[in-house]
1. Regarding segment A:369-377, can at least one residue be identified that is in a helix (DSSP H, G or I), at negative phi and at the interface with chain B (Cβ under 7 Å from one of its Cβ atoms)?
2. Which residues, taken from segment A:207-221, are open to solvent by 20 Å² or more (accessible area, probe 1.4 Å) and away from chain B (no Cβ under 13 Å)?
3. Could you pull out the residue among B:306, B:320 that is in contact (Cβ under 8 Å) with a residue 24 or more places away in the chain and either open to solvent by less than 20 Å² (accessible area, probe 1.4 Å) or of a type in the set (Gly, Ala, Ser) (or both)?
4. Which one is nearest to residue B:75 (Cα to Cα) among residues in segment B:87-123 that are among the polar types (S, T, N, Q) and assigned to a helix (DSSP H, G or I)?
5. Can you find even one residue in segment B:155-167 that is open to solvent by 50 Å² or more (accessible area, probe 1.4 Å), among the charged types (D, E, K, R) and within 16 Å of residue B:56 (Cα to Cα)?
6. Being out of contact with any Ser or Thr (no Cβ under 8 Å at 6 or more places or on another chain), within 19 Å of residue B:216 (Cβ to Cβ) and open to solvent by 100 Å² or more (accessible area, probe 1.4 Å) is true for just one of A:39, A:23, A:29. Which residue is that?
7. Return the residues of segment A:222-242 that are part of a helix (DSSP H, G or I) and crowded, with 22+ Cβ neighbours inside 10 Å; say none if nothing qualifies.
Number of protein chains: 2
Amino acid sequence: VEHKRVVELRNLLESQAWHQLRHALAEQHPADVAELLGHMGGEGEAVIFRLLGRHRGEVFAYLGPQHQRRLLQETEPRLLARIIGQMTSDDRTRILEELPPPVAHALLGRLPPSEMKRGLVLLGYPENTAGRYMNPDYVALRPDMTVAQALAHIRQVGRRADTLNVVYVVEKDGRLVEDVHLGSLVLADPGAQVTDVVDPGLVSLLDETPREEVLRFFEKYDRVALPVTDKDGHMLGIITVDDVLDVAEEEATKDIHMMGGVEALDAPYVQVDLLSMIRKRAGWLSALFLGEMLTASAMGYYEAEIARAVVLALFVPLIISSGGNSGSQAASLVIRALALNELTLKDWMRVFRRELLSGVALGTALGAIGFGRIVIWQGLHFTDYGPHYLSVALTVWFSLIGVVSFGTLAGSMLPFLLRSLGFDPATSSAPFVATLVDVTGLVIYFQVAALLLRGLIL
Amino acid sequence: VEHKRVVELRNLLESQAWHQLRHALAEQHPADVAELLGHMGGEGEAVIFRLLGRHRGEVFAYLGPQHQRRLLQETEPRLLARIIGQMTSDDRTRILEELPPPVAHALLGRLPPSEMKRGLVLLGYPENTAGRYMNPDYVALRPDMTVAQALAHIRQVGRRADTLNVVYVVEKDGRLVEDVHLGSLVLADPGAQVTDVVDPGLVSLLDETPREEVLRFFEKYDRVALPVTDKDGHMLGIITVDDVLDVAEEEATKDIHMMGGVEALDAPYVQVDLLSMIRKRAGWLSALFLGEMLTASAMGYYEAEIARAVVLALFVPLIISSGGNSGSQAASLVIRALALNELTLKDWMRVFRRELLSGVALGTALGAIGFGRIVIWQGLHFTDYGPHYLSVALTVWFSLIGVVSFGTLAGSMLPFLLRSLGFDPATSSAPFVATLVDVTGLVIYFQVAALLLRGLIL
């Protein structure tokens, strides 16, 4: 479908049918026009952008971050200021914060004074807080208005608002009293007071609420918009759910990338050039490699044992990978539960107990499988693990109990530790836990071997 | 804050101040009451539930899945039917689909006939499709209505609708014409026709649209509600964004759990009992363990080489973990990009080329670090890798190029393969890729060793 639309637009473009092209563009949803622009490539882009007229700002806001960045560099300042001027306050903030401050200020300087001031206020809030991403264009009602007066007021000022789905009852001094769904107003008796129409349970955000917390509020309360106030309850702006849906996806992407041991990309996979991609991955990969070098040291420490009993070396990958796998299971469960506020820091002891029990149970089960594998292979003469194969099999079993338990505990406790130190729990990614557990796993394995095999083959 | 509210409610409960308790409950947002119930424990729960009156259904819908399941078992059928009757159609479907079919049908049988029929229709759609989760309670307008008539109609029928934020212009035969924001109607000239008020770019979902796709539509078009139609364009119901936000979080949780190599839990971490938790984890862990047993076979195959050159064993964990780490990086990037539709199946060749280049570059870099480590440790007499330490170091370098490239390719191509076979790409979790790469990594390492060290120490 999209391809057909691109072809149609390209035809209109090539036949220079400006009028028809302008008409075709106006009928599309801005998100679709943005997607089309992404497919078009440079040539027609500038023309289409000019033909978009007052929809330009909206379409621009739907473009991908890399695309926006390129256009910001290529477009002449006067047109750029016009585009920025057509955007909603929150979309505008999201663009301006990506620019070098002098460029952002130059662009703001081309806006009407009131808009400029407002842009500066929003950019003044710390990154990733409700204040930074709110939209100050909401409809405010006074508590003494009747429903009929309220609807008349909405008709008067509503066009400038980001949303009309929810309107806000605000005192003269700016303090937020209640929020009201437009639907509730329409259904209410026109003579009633707006304060009698309010939906129960006002929920509001503080300007300094971090964006993960904003996401949790929307999830919990199922609202389409939430008001933002300062500490004294003065209404500052609103945040709408469509922006929060994007936040949810970005947070999940960040966590999934971290879980895989890679620095979060700030753009879609295909839009990141090869060199930045390699650079983003080399950092973590090298750090993990440096950590893993300790395994070479650990193995070196046990070199004499390995030389005496080569059979021990055969199970090294099996043992350490089991620790890594159980650790990455635990880490992914706990990281996600912390992200969703299902767990808080004070739950760590409870999780510790659960994970210890799980680890011992899982390690015992895997150990039994490993024990069986060695005994059966020996019995069927697939491999010869020597006269003391039973002790070797027991070594593997006991080691697995230790390694899997340690892996499970490391994977579940590291996210708590990181959060309590103020870091993102997702930093304790699976590869990071695996690296930690690999080194410890080797020590556990060779210590168990020393205990069980001393005098036999060691 | 929550704790204080729980104490207050408990006090009211213990002093049997029913009237005040009922009043206190009515003032809370249903999501908060649900959270309070979660903290209260069994004793007061039943009493509070009875005092909730007509808010019961709403509060019930906000409870966690395990809590709901318990209440469904404990509550007497008559009260249960009343609770189910108070819920919105989409919330009700979500409860009923979790119940054994006979129980669900018995509950539906206690509803008014029209509601029962409607419940059966919704449950008739396949799981995880738009049809199953839509709400048939929307406001329909006729194309020939004026704005004033439309608003009058909304006042008449609006109370039953799931949302009034968007209303729908529907032909007499049920075909959807346009959607209109209530805000646009309120702002419009009362004498205008509703078809002149429509917001540009109607977007609608088919009843069979899978829920991941529904999520992408909401993300792309920034809507608060989307209409669902059949193939012929007949309007069936609506899906609202608050439900989609939950879908976004569930999908991300599923992917994050799979990335960690654990079957997705169907309830929050703390609500899953220990035994189910262990069972959920044992499955994948055992499967991975069985896969990893191949490393013991591979190591066994090279046992003679290890016995002759124990130094080779020292680097086994380092080499195979590097392959696993690079694989899990690639997997997490590609799995997420596929989930977000940033990549589609036809991009596989492009990704293959990128990842091959990345893999070779990253492997060369890691190999250089490994080479340096061996040469420096030897030079500083930290360890003695023997007279042919340079060849050993080169073996490690070249092996890392091979292993990291293979890991990167396996991690990036497996998600494509899984999707093309109709599986969830996230199944190619980091531990799964690591297991695959561990076995292959050993073969690559020992083959490179055979090439470079034959005649020297092998």
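The values are calculated or read from the model by the stated rules, or taken from the named source; none is laboratory data. All figures in this text were calculated on a predicted structure; none of them were measured in a lab. We place every Cβ from the backbone using ideal geometry, glycine too, and count neighbours over all the protein chains shown. These area figures cover heavy atoms from the full protein model, side chains too; ligands, DNA and RNA do not enter into them. Shrake-Rupley method; radii C 1.70, N 1.55, O 1.52, S 1.80 Å.
1. yes
2. Across segment A:207-221, the qualifying residues are A:207, A:208, A:210, A:211, A:213.
3. Values: B:306 fails: in contact (Cβ under 8 Å) with a residue 24 or more places away in the chain.
Going through B:306, B:320 in turn, just one is in contact (Cβ under 8 Å) with a residue 24 or more places away in the chain and either open to solvent by less than 20 Å² (accessible area, probe 1.4 Å) or of a type in the set (Gly, Ala, Ser) (or both): B:320.
4. Here is the first cut: in segment B:87-123, the ones among the polar types (S, T, N, Q) are B:88-89, B:93, B:114.
Still in the list and also assigned to a helix (DSSP H, G or I): B:89, B:93, B:114.
Working: B:89: 20, B:93: 18, B:114: 24 Å.
Of everything passing the filter in segment B:87-123, B:93 is nearest to residue B:75 (Cα to Cα).
5. no
6. Numbers: A:23 fails: within 19 Å of residue B:216 (Cβ to Cβ); A:29 fails: open to solvent by 100 Å² or more (accessible area, probe 1.4 Å).
It is A:39.
7. Initially, segment A:222-242 is screened for residues part of a helix (DSSP H, G or I), giving A:241-242.
Selection gives A:241 alone.
Yes/no per residue for (1) free of Cβ contacts under 8 Å to residues at least 40 places away in the same chain; (2) more than 19 Å from residue A:222 (Cβ to Cβ); (3) buried (at least 20 other Cβ atoms within 10 Å of the Cβ); (4) among the hydrophobic types (A, V, I, L, M, F, W, C):
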{"residue": "B:89", "(1), (2), (3), (4)": "no, no, no, no"}
{"residue": "B:112", "(1), (2), (3), (4)": "yes, yes, no, no"}
{"residue": "B:120", "(1), (2), (3), (4)": "yes, yes, no, yes"}
{"residue": "B:128", "(1), (2), (3), (4)": "no, yes, no, no"}
